[in-house]
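I have placed the structure first, in the form of structure tokens, so that the comments after it can refer back to it.
The values are calculated or read from the model by the stated rules, or taken from the named source; none is laboratory data. Every value quoted in this text rests on a predicted model; they were computed, and no experiment measured them. Please note: Cβ atoms are built from the backbone with ideal geometry, for glycine as well, and neighbour counts cover all protein chains shown. We work out accessible area using only protein heavy atoms, side chains counted, and drop any ligands, DNA or RNA first. Shrake-Rupley method; radii C 1.70, N 1.55, O 1.52, S 1.80 Å.
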Amino acid sequence: MRPQHLVTFPRNLHPGAWWLWALGLAAAASRTQNPVPLLLILVVTGFVVAARRSNAPWAKSYGAFLKLALIVIAIRIVFQAVLSSGSQGPTVLFTLPEIPVPSDTGIKLGGIISLEAVLRAFYEGLQLATILCCIGAANSLGSARRLLRYVPGALYEIGVACVIALTFAPQLVTDAGRVRAAHRLRGQTSRGLGSLKRLAMPVLEGALDRSIELAAAMDSRGYGRTTDAGRVSRRVTGLLVFGGLLGVCVGVYGLLAGTSAGWVGLPMLLGGCLLAAVGMFFGGRRTGRTKYRPDPWALPEWLVTGTGLAAAVTMFVAVERTPADLFLASVTQVPPVPLLACAGILIAIAPAFLAPPLPRSDRPQTAQPQQLEVAA
Amino acid sequence: MITFDHVSVTFADAPAPVLRDVNLTIPEGELCLVIGRTGSGKTTLLRAINGLVPHFSGGTLSGRVLVDGRDTRDHRPRDLADVVGFVGQDPLSGFVTDVVEDELAYGMESLGLPSEVMRKRVEETLDLLGLAELRHRPLTDLSGGQQQRVAIGSVLTTHPRILVLDEPTSALDPLAAEEVLATLQRLVHDLGLTVVLAEHRLERVVQYADRVVLVPGGARPVRDGSPEEVLVDSPIAPPVVELGRVAGWQPLPLSVRDARRKAGALRAQLADLTEPPHTAEPVAGSTAGPVAVTEHLVAGYGQTPVLQGISTTISAGEIVALMGRNGAGKSTLLKTLVGMKRPSSGRVHVDGQVPAELKPRDLLRHVGLVPQVPADLLYESTVGRECTQADKDAGVESGTTRALFERLSPCVDPAQHPRDLSEGQRLTLALAIVLAAEPPLVLLDEPTRGLDYTAKHRLVEILRDLAAAGHGIVLATHDVELVAEVATRVLVIADGELVADGSTPDVVVSSPAFAPQVAKILAPQRWLTPTDVALALADAETVSR
């Protein structure tokens with residue numbers, strides 16, 4: 001047996017496996033508004049991230065996503081409880097001074113705040129927050145950028161564009177900071193529309209210069225040398241791939257929304273997958289690029305992906321069998337514990353042990369004081 | 001290996017060709033140094049080697065460039081990727097991936113090499129360039145010298161026969177530059193690679209070169225030959241060569257070692273003469289106190305203090321050079337002096353004020369900073385408008401900045417876009433803008449980055465004039481030759497602490513890293529520049545007559 005199949009052999013797991021695992025959990029989260037399974041999903045993602053994250057800069061992004069999630073919940077509560085007149089219930093918590101607004105708009109400013117409105121907003125916000133945290137976990141375990149290496153050949157150019165955008169966005173922020181500081185030296189305050197124009201000019205010019213430099217560097221390193229295809233074949237593969245991906249999107253929507261007509265769900269998804277696969281197969285044949293040290297897809301990858309999928313599937317089954325447990329009829333009741341769904345989610349904690357441990361050099365060093373960002 | 005056959009290059013909208021009728025042959029295995037003023041067409045010459053000119057840049061190329069038997073007319077840059085490796089000025093902007101190992105493999109992936117070959121070549125290249133420790137590190141975390149070595153490695157993996165580098169060391173501190181040049185040296189000697197590089201800092205590279213190509217600019221003919229031949233009357237020359245010219249040594253020495261071996265007679269001749277003091281002259285009619293004072297200054301980012309208790313005083317009329325490794329705290333000290341950074345403890349007073357508490361409107365009357373990238377200060381679409389805006393910002397009579405700029409950099413069309421100026425002109429424009437408000441303290445961060453010798457001489461004159469007019473000047477720099485020319489005092493910062501503070505000769509003469517070439521040649525005597533030596537010799541001659 002190749003060592004890659006051992007769950008104890010230290011290596012980096014394929015980023016695709018982490019993303020599929022996280023998407024499975026996110027899909028599960030999208031089918032329930034019961035806070036019990038939602039909180040359980042949060043715990044599971046947090047636990048796995050803590051167990052298997054590396055010391056790379058993007059591995060810290062889970063914390064950022066968690067903060068974003070809290071903000072989402074707060075905004076949701078403020079908007080729904082304070083500004084919406086439709087969602088109030090009988091249990092009044094307190095009353096704020098109200099500014100009268102025509103009643104047919106559905107908007108209010110201040111007035112009564114009821115427990116039902118706050119709780120409903122909290123549960124709905126929690127659902128969104130949980131999905132966000134799943135994405136955050138995927139990003140910190142297998143960076144989006146590493147994932148882009150595995151974009152199929154037919155989509156290679158788009159993948160490269162994404163990678164470059166990911167590099168340039170933080171660079172733009174640094175540049176803007178530097179230029180703003182420089183403007184202070186010219187005696188200008190950084191406020192108002194005029195300052196935006198003054199900021200934009202040097203930053204955008206700098207970005208343009210850099211992109212031209214990068215294009216020259218890529219050209220002289222052989223970018224696009226092995227890609228040979230006629231215009232017709234390029235168009236056909238492009239059409240196939242995009243048609244297929246569109247089908248996949250509609251199919252996934254149908255499946256997750258669970259409300260649309262039957263043909264929108266699974267059949268559309270499968271058809272889209274087929275179309276995209278054909279397009280990618282033909283498109284992939286035209287590039288002569290090779291891949292350096294691709295991460296292997298071995299047993300641990302299957303296991304990790306499987307646990308994510310298991311969580312999603314059990315959730316879907318649970319929704320079919322006991323919908324009342326997962327979409328609460330009354331928000332004020334104590335949320336029931338949907339056993340089946342929770343069991344499924346708990347399976348997804350297994351990657352904390354099933355994913356191979358990281359090589360020593362990639363482990364976060366807890367003994368040393370936290371490494372600080374080097375001053376730019 | 002590389003043949004230029006009657007090559008002329010004209011860019012679109014340009015009135016005259018950048019290069020005219022270049023005939024040049026660079027044989028295999030040579031390290032060829034391309035020198036010339038900024039804007040003379042060095043970069044165009046380099047880019048013509050791998051076909052970026054004209055395939056990428058546009059313009060018209062007449063004549064023929066043959067590289068390893070391939071004509072660049074029908075080979076695009078990507079078709080030459082396995083023959084020519086091209087490393088641009090800023091390594092960071094040429095990186096496509098984000099980890100060292102992937103970056104090394106990128107070129108091979110594009111060429112479609114089989115994975116076993118890639119695996120082997122990456123390992124070999126990691127060892128060859130001493131990058132094995134860094135293989136999993138993100139590229140943005142590396143130091144400048146390491147980034148430059150990764151950039152070189154990333155083009156070497158396709159096994160090119162020629163390596164072309166555009167100013168590989170201009171942004172590096174002396175030690176990092178050594179690191180990169182030693183690597184290049186090894187590639188030439190061990191692998192027989194042909195290396196073509198352009199560089200302004202001749203003192204760093206000229207002793208390694210087998211051939212020098214002088215691009216004089218203005219479409220005058222390109223000259224090439226052995227370094228000794230070309231440098232005899234080249235307008236740009238490193239201090240060691242200038243000293244050789246002063247002393248009349250034949251053939252000209254190229255390295256400190258060569259010169260030291262010839263310098264016995266010159267040292268004897270100079271033994272009785274007194275070296276110029278290199279200290280500030282008191283400013284006429286000024287009784288004002290110091291322009292800047294720091295006391296036990298601590299500043300940093302987050303939990304890491306970068307400056308750890310700096311106490312110093314800067315007086316009017318002084319030109320203070322701030323030296324030290326990259327990341328030692330030079331820029332942080334400048335930022336603190338200009339109020340961009342608040343000290344976490346200690347005191348900073350500039351012109352009697354606390355800079356971080358001043359409103360931007362008032363700040364520029366007390367202290368001015370020319371940043372490392374002077375273009376950061378500029379945002380208007382023409383030089384003229386930039387000057388008018390600066391007058392308004394500073395609240396001075398209109399035309400002040402224009403007049404200053406004219407004096408610093410004559411003959412610039414005010415309708416030009418600031419981006420189209422040369423590095424030197426852009427620096428002087430930024431300096432003029434800063435000077436418009438007449439701040440008593442002027443700070444410059446790495447002012448000689450990308451400046452050629454002529455522009456540097458001009459800068460030296462400008463700085464001396466400013467000091468004589470009573471400005472206090474602080475410049476953070478790696479350029480030891482500039483420091484030798486202009487500084488009246490040197491501060492060395494290491495690890496956030498002041499490790500040396502004294503007159504220029506006191507600090508630099510005995511230091512292996514900061515001594516200028518002339519000091520190394522004439523030690524233990526304390527001469528710093530060829531000009532000093534020439535003047536002293538001339539004086540001695542008139543006296544003896």
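Here are some notes:
- Nonlocal amide H pairs with B:Asp452, under 5 Å, H built at 1.01 Å: B:Thr38
- For B:Asp351, the residues 5 or more places off, or on other chains, whose built amide H falls under 5 Å of its own are B:Ala292, B:Val293.
- A simple rule links phi to the HN-Hα coupling: the Karplus curve 6.51 cos²θ - 1.76 cosθ + 1.60 with θ = phi - 60°, which for the range A:213-225 gives 4, 5, 4, 4, 5, 5, 4, 6, 9, x, 4, x, 5 Hz, with x for Gly and Pro.
- Candidate residues B:Thr38, B:Thr25, B:Thr401: accessible-area rank, largest first, probe 1.4 Å: B:Thr25, B:Thr38, B:Thr401
- Whether the range B:292-503 is rounded, prolate or oblate, judged on the alpha carbon gyration tensor where a/c under 1.5 counts as rounded: prolate
- Compactness of the range A:157-230 is given as radius of gyration and Dmax, 16.8, 57 Å, from Cα positions.
- In order through the range B:472-484: 3J(HN,Hα) via Karplus (6.51 cos²θ - 1.76 cosθ + 1.60), integer Hz, x for Gly, Pro: x, 10, 10, 10, 8, 7, 9, 7, 5, 5, 5, 4, 4
- The HN-Hα couplings worked out from phi for the range A:165-181 by the Karplus form 6.51 cos²θ - 1.76 cosθ + 1.60 (θ = phi - 60°) are 4, 5, 6, 6, 4, x, 4, 4, 5, 4, 4, 4, x, 5, 5, 4, 4 Hz, whole numbers, x standing for Gly and Pro.
- Three-way shape label, the range A:122-197, alpha-carbon gyration tensor, a/c 1.5: oblate
- Descending semi-axes in Å of the range A:231-293, equivalent ellipsoid built from Cα gyration tensor: 28, 13, 7
- The value for chain B of Rg(Cα) / (2.2 N^0.38 Å) is 1.02.
- For the protein assembly as shown, the convex hull drawn through the C-alpha positions has a volume of 222 cubic angstrom per residue.
- Under a 5 Å amide H cut-off, with hydrogens placed 1.01 Å from N, B:Phe86 pairs with B:Val164 among residues at least 5 apart or on other chains.
- Test item: B:151-158 mean partner chain Cβ contacts at 10 Å: 1
- Legend: residues B:Phe514, A:Phe281, sorted from most to least accessible area (1.4 Å probe; ligands, DNA and RNA excluded), read A:Phe281, B:Phe514.
- When each of the peptides A:108-117, A:308-317, A:135-144 is scored by the mean number of other C-beta atoms lying within 10 Å of its residues, the order from highest to lowest reads A:135-144, A:308-317, A:108-117.
- Note on A:Met201: accessible area is roughly 60 Å² with a 1.4 Å probe, heavy atoms of protein only.
- Rounded if a/c under 1.5, otherwise prolate or oblate - chain A, Cα gyration tensor axes: oblate
- Rounded D (µm²/s) - the range B:416-545, Kirkwood Rh over Cα pairs, Stokes-Einstein at 4 °C, 1.567 mPa s: 79
- Rg and Dmax of the range B:396-458, Cα atoms only, in Å: 11.9, 34
- Between A:Arg31, A:Arg198, A:Arg360, the Gaussian network model of chain A with springs among Cα atoms under 10 angstrom shows the greatest mean-square fluctuation at A:Arg198.
- Reachable aspartates and glutamates from A:Lys67, criterion Cα separation under 18 angstrom, eight or more residues apart if same chain: A:Glu124
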